[in-house]
Structure formats: C-alpha cells, structure tokens
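The values are calculated or read from the model by the stated rules, or taken from the named source; none is laboratory data. These figures come from a predicted structure and were not determined experimentally. Neighbour counts are summed over all protein chains in view; Cβ atoms, including those assigned to glycine, are modelled from backbone coordinates with ideal geometry. Quick note on the areas: whole protein, heavy atoms, side chains included, nothing else; ligands and nucleic acids left out. Shrake-Rupley method; radii C 1.70, N 1.55, O 1.52, S 1.80 Å.
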Amino acid sequence: MNQGMNQGRGQNVNQAKRRQLFSFINRVSFAVNDITLYLDTHPQDQDAINYFNHYSDLRKKALKEYEELYGPLTIDLARPDKMFDWADMPLPWEGGMC
Amino acid sequence: MEQKDCENQVVAMAYVPWQNFYKVYEPEKALMVGTIFPELNKPFLGRRMAKR
C-alpha cells in the first residue's frame, strides 16, 4: 500500500494501530479546537479550562507517540536522530494518513 | 437607498443567550457532528422543520 515509503519508521507495518492512533489524534485535536472557541469568550470558565488541559495533554502525548512510531505529523514534533525522515513521510496520495 | 427612508428604522436586534459549559459530546461523536456542544448541534435535515 505505501510503496512510496522509505526505510526507517515509515515502514512500521502495523497499519491498523497507526490508523487507530491517527484517528485518536483527530478526535482529541477537534475537541481542543472546539473548546478553544468557547474559551475565547469564556476565559475564566474552570470546567472548560480543565477540559482543555485534559484533551490538550492527551493530544500532545498521542502526537509524540505517533512521532516515535511512525514519524512526525508536524515539523515541530520532528526529533530526527539518525535520519531526517520528515520529507519521507508518506504523502496523502501515497496512502499517507487520509 | 435614500437616507431618509431608513432614518428611524431599527437596523437589527440580535438575541444571543450566553452559552454555559454544561454537557459535551464524547470526542468521537463531536468530530462526527462537528461540535462538542449538543446545544450547537443543529444538523440540516433537508426540509423545513415546520411542525404542522
């Protein structure tokens, strides 16, 4: 499926887990985004602040885990050690995460 | 439009009740319907909602 993929982490074949983690990232990212809109007008709403912190932490952890297993989704998460694989992440038309 | 025509007309009056953080959807459902707030979940059902 991902012929365009290179050596290195992109080869991690466990697609099901990868898709599951990716969809988790989408879900928590949406929750963070939507609560941000609410917090724009309710900056002191404690429940909303707790909600934001909860999902924002989950999101950061998931993004970090994704980076370790499959590679960075955003450049500010890239942590190359032996190889800079940012440019080798599969592109959407190569079956990369869509 | 002639200025004198709308001299004493009220332009608009919005009714925007203050939203409170009460109940929210689980992230999975929120992503599907497009909001975490049930009170903002107003899907278009394809026809007028007039209840006769």
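Applied to the range B:13-28, the Karplus parametrisation 6.51 cos²θ - 1.76 cosθ + 1.60 on θ = phi - 60° returns per-residue 3J(HN,Hα) values of 9, 9, 10, 10, x, 6, 7, 10, 7, 10, 10, 10, 6, 5, x, 5 Hz, with x for Gly and Pro. In this simple spin-label approximation, B:E39 and A:N33 carry label points 7 Å from Cα along the Cα→Cβ vector, and these lie 2.3 nm apart.
Less than 15 Å Cβ to Cβ from B:T35, Lys/Arg counted +1 and Asp/Glu -1: what total charge do the surrounding residues give?
-1
Take the accessible area of B alone and of A alone, subtract that of the pair with a 1.4 Å probe, and the total buried over both chains is about 1200 Å². Note: the range A:42-98, Cα convex hull, 110 Å³ per residue. Here, the range A:2-94 is characterised by an Rg to Rh ratio of 1.08, where Rg is the alpha-carbon radius of gyration and Rh the Kirkwood radius.
Per residue of peptide A:45-51, the mean number of Cβ atoms on other chains within 10 Å of the residue Cβ is 2.
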